[in-house]
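What follows is calculated from the coordinates using simple rules that are stated; it is not laboratory data. All figures in this text were calculated on a predicted structure; none of them were measured in a lab. Glycine gets a Cβ as well: all are built from the backbone with ideal geometry, and neighbour counts include every protein chain shown.
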Protein chains: 2
Amino acid sequence: MSKKELPVLQPAQSAPGLPGVLCCTPLAREPLGEADATDLAKVFKALADPVRLRLFSLIASFEGGQACVCDLTGEFDVSQPTISHHLKVLRDAGLVGSERRGTWVYYWVLPEMLGRLSGLLAPVEVGAEARAGALA
Amino acid sequence: MSKKELPVLQPAQSAPGLPGVLCCTPLAREPLGEADATDLAKVFKALADPVRLRLFSLIASFEGGQACVCDLTGEFDVSQPTISHHLKVLRDAGLVGSERRGTWVYYWVLPEMLGRLSGLLAPVEVGAEARAGALA
């Protein structure tokens, strides 16, 4: 299958490694517990590498929402095994899903994980409530 | 100054290490460049540790929006120098601001950085446009 024949994305498909814990209270609203922090740190560790971040962004923004590993390797000055390793790290962290079709493996970003991360990092207004408390 | 006398938060104050690059297009909308990915990976690396994540969340959710280092150390099974090291990593990544007041250093989360991270990780709808392209 060529990249011009990509089927419609199936965004709801989950990766096996998707941590179930990353839901949903912003970490600025209440303190993270130890178990949640351990799970979340693994996801951030997967994103804490420039090549993985670029891979992740490239997949996420790829036309049609998914990319063949053959679409990705040309963008980086690293070997295909290295790219495959980075993709495995992203998949194990629950950030991307993948499926083999013939010779190639296709990858797509799992939007629910993106949504959870975005929600966890959402700023929380330190507003009237806290200030009223400080003045009381 | 006791923690009961915390002044009103100054959320707009920036840390010296705040990367200027982290703005504003979701990484699912267009591929991250190399320089942006390098800067962003440093921020995620700062968050890729369970103790730092809990520290960050504890500061962010602390009553009044800021916390003295004396408020934080009791929550962790690590030494105060270790806590101070982790706080320095968070500060250097532009995630928290800090100020010494007498004996203690006070920390607060920089909400603009949280907002940028949250925006960068926002899911992008793979919607009608991409599907129409796939079907054309």
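Taking the label point 7 Å along Cα→Cβ, B:Thr25 and its counterparts in the other copies are spaced 3.7 nm apart, in ascending order. Can you bin the range A:30-122 into rounded, prolate or oblate? Criterion: square roots of the alpha carbon gyration tensor eigenvalues sorted a ≥ b ≥ c, rounded for a/c under 1.5, prolate for a/b above b/c, oblate for the rest. Judged from the Cα gyration tensor, the range A:30-122 comes out prolate (a/c at least 1.5, a/b above b/c). Under 5 Å from the amide H of A:Cys68 lie the amide H atoms of A:Tyr107, each residue being 5 or more positions distant or on a separate chain, with H modelled from the backbone and absent for Pro and chain starts.
Under unit Cβ charges (Lys, Arg +1; Asp, Glu -1), what dipole magnitude, rounded to 20 debye, does the range B:30-122 have relative to its Cα centre?
Computed about the Cα centre, the dipole is about 240 debye.
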